Amino acid sequence: MTLILMIFQVVVIMLVAPLFDGMARKLRAKLQSKQGSDFFQTYRDIAKLFRRGRTVPKCGHWVFRAGPVMLFASSAALLAAIPITYSGRADFGAYSDLFVVLYLAAMMRFVFGASSLDSGNPFAATGGGREQMLAIYVEPVMMMCLAVVMMLAGTSNLVEISGLVKSGEIGYHMPAFAVASIAFLWCAYAETGRKPFDLAEAEQELQEGVLGEYSGSDLALTQASLILKQFAMIGLFLAIFEPWNFENPLLSMIVFLLKTGVFYVAAVLIDNFGPRFKVTSSMRKNATYALAIAFVALSLYALGA
């Protein structure tokens, strides 16, 4: 039954994720006093790409060819590991685990970087390297936050952690947990690739890495996998720090989408009204603050707070 719920939540999010992306694009255009496309433009973009053929550089190997499928598969698997519709069931605990989530996220990043290098395009390789640089800043903060949560809960099982937070055994009454939630929220935002962690003017050449080399269905699959990754990162934050939801799978899915919508709107507002910095200086500055907050959370746990 849990396997069916996992498939259900992945399929539903795959269907609605382009709508959220379209709504975010529309909202961003409105905030900039532009007309913008309608909510369904992302659906049309993906459908158009699937109708086009694929191109492969002469220097590309199987790594480049298999990259889109591996990215999409790992993002779907990552999303399935988040207990959205099965938060009351621990029978798939071995899969819905923080270590599984971390390994899958690392696999996505590795495939993205390897495909970028294998494309033979120096701009794509630079974009792929930028993705690895992002990991250097974000992953230590994420690791420290998750370590605090795991030590407080005494388990790495996401279903059990959600249950402990809902029952009040661990939660915001614990300073270590509350402080860790702040740093982890920064990680979730940074992983969505929004300003100041992107570089919109050089989207194809630098920010998106290998996306500049893919075309047709390969590009559609890669873009879809990045959107699914955004949902997975938001879902991971919600599953740990805001797990309150219905037991009914359909209702829990609706509530999850509403919560994700709030995150999207907040992210677009930050995206539009926030300052823009150079990627390296921005990451160094923001990551230092986030790392300090995560270290405070770890210290509070060590002190028993």
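The values are calculated or read from the model by the stated rules, or taken from the named source; none is laboratory data. All values derive from a computational prediction rather than experimental measurement. No Cβ is skipped: glycine too gets one built from the backbone with ideal geometry, and neighbour counts run over all protein chains shown. All accessible areas refer to the heavy atoms of the entire protein, side chains included, with ligands and DNA or RNA removed. Shrake-Rupley method; radii C 1.70, N 1.55, O 1.52, S 1.80 Å.
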| request: For residues that are among the hydrophobic types (A, V, I, L, M, F, W, C) and farther than 15 Å from residue 223 by Cα, scanning just the stretch 33-47, find the one that is surrounded by the most Cβ atoms within 10 Å (Cβ to Cβ). | output: 39
| Within the stretch 83-104, is even one residue modelled with pLDDT of 90 or more and of a type in the set (Ser, Thr, Tyr)? | yes
| query | So which of 63, 12 is in a helix (DSSP H, G or I), farther than 29 Å from residue 124 by Cα and β-branched (Val, Ile, Thr)? | reply | 12
| query | Given the structure, is residue 25 on the phi < 0 side of the Ramachandran plot, of a type in the set (D, E, K, R), at pLDDT below 85 and assigned to a loop (DSSP other than H, G, I, E, B)? | reply | no
| Within the bounds of the stretch 269-278, is there any residue that is within 18 Å of residue 78 (Cβ to Cβ) and either outside any loop (DSSP other than H, G, I, E, B) or at pLDDT below 90 (or both)? | no
| task | Please go through the stretch 33-60 and pick out each residue that is outside any helix (DSSP H, G or I) and among the aromatic types (Phe, Trp, Tyr). | result | 39, 40
| query | Does residue 56 qualify as being among the aliphatic types (A, V, I, L, M), surrounded by 16 or more Cβ atoms within 10 Å (Cβ to Cβ) and more than 17 Å from residue 159 (Cβ to Cβ)? | reply | no
| Counting only residues that are over 19 Å from residue 77 (Cα atoms), open to solvent by less than 20 Å² (accessible area, probe 1.4 Å) and part of a helix (DSSP H, G or I), how many does the stretch 217-251 have? | 1
| query | Hey, residue 30 hits all of (1) touching a Phe, Trp or Tyr at 6+ places or on another chain (Cβ under 8 Å); (2) in a helix (DSSP H, G or I); (3) open to solvent by 30 Å² or more (accessible area, probe 1.4 Å) but one; which does it fall short on? | reply | (1)
| message | If I ask for residues that are surrounded by 17 or more Cβ atoms within 10 Å (Cβ to Cβ) and not small (Gly, Ala, Ser), which ones from the stretch 104-116 would you list? | response | 104, 107, 108, 109, 111, 112
| Taking the stated definitions as given, is residue 50 among the aromatic types (Phe, Trp, Tyr), open to solvent by 80 Å² or more (accessible area, probe 1.4 Å) and either touching a strand residue (DSSP E or B) at 6+ places or on another chain (Cβ under 7 Å) or free of Cβ contacts under 8 Å to residues at least 60 places away in the same chain (or both)? | no
| task | List every residue pair whose Cβ atoms sit under 7 Å apart, with the two residues 6 or more apart in sequence or on different chains, where the first one lies in the stretch 227-251 and is over 16 Å from residue 16 (Cα atoms) and the second, anywhere, is among the charged types (D, E, K, R) and open to solvent by 30 Å² or more (accessible area, probe 1.4 Å). | result | 238/259; 242/259; 243/166; 244/166
